[in-house]
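The values are calculated or read from the model by the stated rules, or taken from the named source; none is laboratory data. Source: prediction; values computed, not measured. Quick reminder, even Gly has a Cβ in these numbers, built from the backbone with ideal geometry, and neighbours come from all protein chains shown.
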Amino acid sequence: MGAILCLYCCFKNIATRKFEISLIVFNSISIVFLILCFGIFSWSKIPKVNLVFFILMLLINLCCLTFAILLRYWRAKEVIKTTRKKNGVTISMIGFIFSIIFFIICIIEEYCLIIGFRMVDYPCGSNGSRDYNRYYCYSWEFYTHEIKDSEYIMAYLTFSYLEIALILGIGIWYFLKVRIVQGLDGPAPIQPVQGVMYDQYGRQVVVVQPGDVVMMGGQRHVAVNQPQYNAQYQNQYNSYQQNYYPNNYPYNNNINNNMMERPNPGSNDYIQGYPQ
């Protein structure tokens, strides 16, 4: 559940075409890794089931790459929302299922390949399956080193990349299907709410009417018209100046408009700081 929420937060604002391009890139790199494994691994020494799994992974990978290219082509031709919409939904669903199957096979093959490498490098630990001379098979630590370090490194890099790419790919295929069903090229638009507006950056702007009670700074305030607010503050300030500074009143009255407005005109906060 946590992984799904993380994927949602990462993918919800990405453009649909970037989903398709990402799938093409991910699957292309996966094919490169798999082909390199075919050329580096000692397939004659390890169990044949490993070769079968790798061939199956390569075929699924090619299918997913083909599906992603088709979707990108249809979107570029602007037919994904019309004549090819049904096909796009079907392909995205198949791609989602294939990615899950690919991920499961990848986990199984990783485990099988580890066992296959160990059977070759530690034949005594596998009950002498390589038919080595019993004179050498005196302990579990007997190590033939027939599997090269480059094969171990390649296996580690391949499966690490495949598992990360497939987790991301599963999420991308899902969101891609939703976008195709909804006919969207980007994130879903924000639904308007009565009494609420949004600016050009998608930030919420709340509209209040005179007399509405709003919370500001943890306090309740009654919204008033701007002219009424200014007049109320002006009268209160003039009264204060006349009572406490009668000699300076004309001067203070001139600079009255340069003072900052107070958040709560009904309180006496605006006179704080003046001598009593």
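Table for the structure above
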{"read-out": "Residue selected from the stretch 77-129 under the condition aromatic (Phe, Trp, Tyr) and touching a residue at least 12 places away in the same chain (Cβ under 8 Å), by the criterion farthest from Phe54 (Cα to Cα)", "value": "Tyr122"}
{"read-out": "Condition met for Ala68 (under 22 Å from the mean Cα position of the chain (by Cα), in the same structural domain as Gly116 (by TED's automatic domain parsing), more than 19 Å from Leu166 (Cα to Cα) and not polar (S, T, N, Q))", "value": "no"}
{"read-out": "Filter result (surrounded by fewer than 18 Cβ atoms within 10 Å (Cβ to Cβ) and of a type outside the set (Ser, Thr, Tyr)) within the stretch 35-49", "value": "Ile35, Leu36, Phe38, Gly39, Ile40, Trp43, Lys45, Pro47, Lys48, Val49"}
{"read-out": "Residue tally, condition in a helix (DSSP H, G or I) and within 26 Å of Glu20 (Cβ to Cβ), over the stretch 38-95", "value": "32"}
{"read-out": "In the stretch 110-119, the residues that are of a type in the set (A, V, I, L, M) and buried (at least 20 other Cβ atoms within 10 Å of the Cβ)", "value": "Leu113"}
